[in-house]
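The values are calculated or read from the model by the stated rules, or taken from the named source; none is laboratory data. Since the model is a prediction, treat every value here as computed from it, not as a measurement. Here the Cβ positions follow ideal geometry from the backbone for every residue, glycine too, while neighbour counts run over all protein chains shown. Ligands, DNA and RNA are stripped out before the accessible areas are found, and what is left, the full protein with its side chains, is counted by its heavy atoms. Shrake-Rupley method; radii C 1.70, N 1.55, O 1.52, S 1.80 Å.
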Amino acid sequence: MATLAKPNLPRFDVEIFQNEYLADGAREVNAIVTVTSTGGGTSGGRPLGIADAGPAGAEAATAVVVLVDCSGSMDYPKSKINGAREATAAAIDALRDGTAFAVVAGTHEARDIYPGDGTLATASAATREQAKESLRRLTAAGGTAMGTWLAKADKLFLTRRDIAIRHTILLTDGNNEHESAEDLARTIERVTGHFTADCRGVGTDWRIDELRTISSALLGTVDIVAEPSGLAEDFRSMMAGAMGKQVADVALRIWTPANATVKFVKQVAPAVEDLTARRTEAGPRAGDYPTGSWGDESRDYHVCVQVPAAVIGSEMLAARISLVLPPQVGSGTPEVLSQGLVKAVWTDDLASSTRISPQVAHYTGQAELASSIQEGLEAHRAGDVDRATAKLGAAVRIAHATGNEGTFKLLQKVVDVVDPKEGTVRFRKNVSEADSMTLETRSTKTVRVKK
């Protein structure tokens, strides 16, 4: 592990957890990479990132756009649009002075209702009050075209190219019915890397896969708020998270030696997110995987590297893992924030080569837990009760064994647990759509490995 402290930057630490010993002929090296950032969200310093070029303390280090669904369905029941106004007001109250922000009403088109002139306002006591007054213009009428909303946010962010940390909060209650899936996909691809997005679905008439696609591509979160009364607290929490970010555009850079390749890279805590396909080349035998913005927090990543087979007694560096920032303005080289090494040692000691790293085993189970829930609920929707029961039973067993109490409690709302250790379950009768969607939406949330 190496930590390379830089002035005005949070401290990043990298820890590598693995069993470096491989059996004769083995070629797969697995490691859990724990990345911890400190001195960011609570340091009071200026957030930094690729666009950073000004002095510490400059205004508008963060920009936030709130995208509020104002389609006609938000009026049925009326508590949804009322809850959206209250939640947006709560988010506005949580803005730090100097934050650039805007509020957009989303229907089959996108209209910025505050500040309303195609730019971003700067948060202050006065502008926060003005923004809350403008929420009266959040009225429900029209369709739903989320790609249009994202494109509008991107356009607003482009008015402040000096801002490094850019974040959206997207709320919807329905399906993306007024643009094609292809149009939405093209927009997501176009704005990926420009900003992050937390997505929320209110009620039960929205599609998990649509919001997960957006949040995954834009390195954010997705969740359900079953009742409109819960929106305000959720928005307040999301905005607090955005305000805590201190450094943007951090990448996990993985270098491998000749004839070694990266098989996969997954974030495994606090939620499962496959980053493998997000690789961009970063020089000879190196690739960058995006991690987004950071405050004071810790995340875990599962890295799997395939190495060439070697004889007993051989040792090699399987991968060098670095946390990097893209080149800053006026500089041609990236900032290296921290580094760690993944090793491989071939041995004929059976006890050493068959020992599984507790961290690797834990997160392999958490990934299996997420897929078992999703596959089980999909099978249930398709009418395959036997497969659904088997998959959710496996999920109960893993959640129980790994101490994932949150997911275990959500599973209990969908199945009756007969034997948690064995994963014996029966589907409950009259399971609510809200409970089923909550389980599926939160299936990717994990618990940290017990130390």
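Data for the structure
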item: Residue ID - nearest to His167 (Cα to Cα), chosen from residues in segment 281-296 that are touching a residue at least 12 places away in the same chain (Cβ under 8 Å) and open to solvent by 50 Å² or more (accessible area, probe 1.4 Å); result: Asp296
item: Those helices (runs of 4 or more DSSP H) lying entirely in segment 358-451 with at least 2 residues within 20 Å of the chain's Cα centre (by Cα); result: 358-381, 405-412, 433-441
item: Conditions (1) in a loop (DSSP other than H, G, I, E, B); (2) open to solvent by 40 Å² or more (accessible area, probe 1.4 Å); (3) in contact with a Phe, Trp or Tyr (Cβ under 9 Å, 6 or more places away or on another chain); number of the one not met by Ala140; result: (2)
item: Qualifying residue in segment 256-272 (condition: open to solvent by 30 Å² or more (accessible area, probe 1.4 Å), without any contact (Cβ under 8 Å) to a residue 40 or more places away in the chain and assigned to a strand (DSSP E or B)); result: yes
item: Close pairs (6 angstrom Cβ cut-off, 6 or more residues apart or separate chains): at pLDDT 95 or above in segment 134-155, assigned to a helix (DSSP H, G or I) and of a type in the set (Ser, Thr, Tyr) anywhere; result: Leu135/Thr88; Gly147/Thr187; Leu150/Thr187; Ala151/Thr187
item: Residue selected from segment 106-137 under the condition open to solvent by 40 Å² or more (accessible area, probe 1.4 Å) and acidic (Asp, Glu), by the criterion nearest to Ser73 (Cα to Cα); result: Glu109
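One line per residue, one yes/no per condition, for (1) modelled with pLDDT of 95 or more; (2) touching a Pro at 6+ places or on another chain (Cβ under 6 Å); (3) of a type in the set (Val, Ile, Thr); (4) in a helix (DSSP H, G or I):
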residue	(1), (2), (3), (4)
Gly44	no, no, no, no
Arg85	yes, no, no, yes
Thr88	yes, no, yes, yes
Val103	yes, no, yes, no
Ala131	yes, no, no, yes
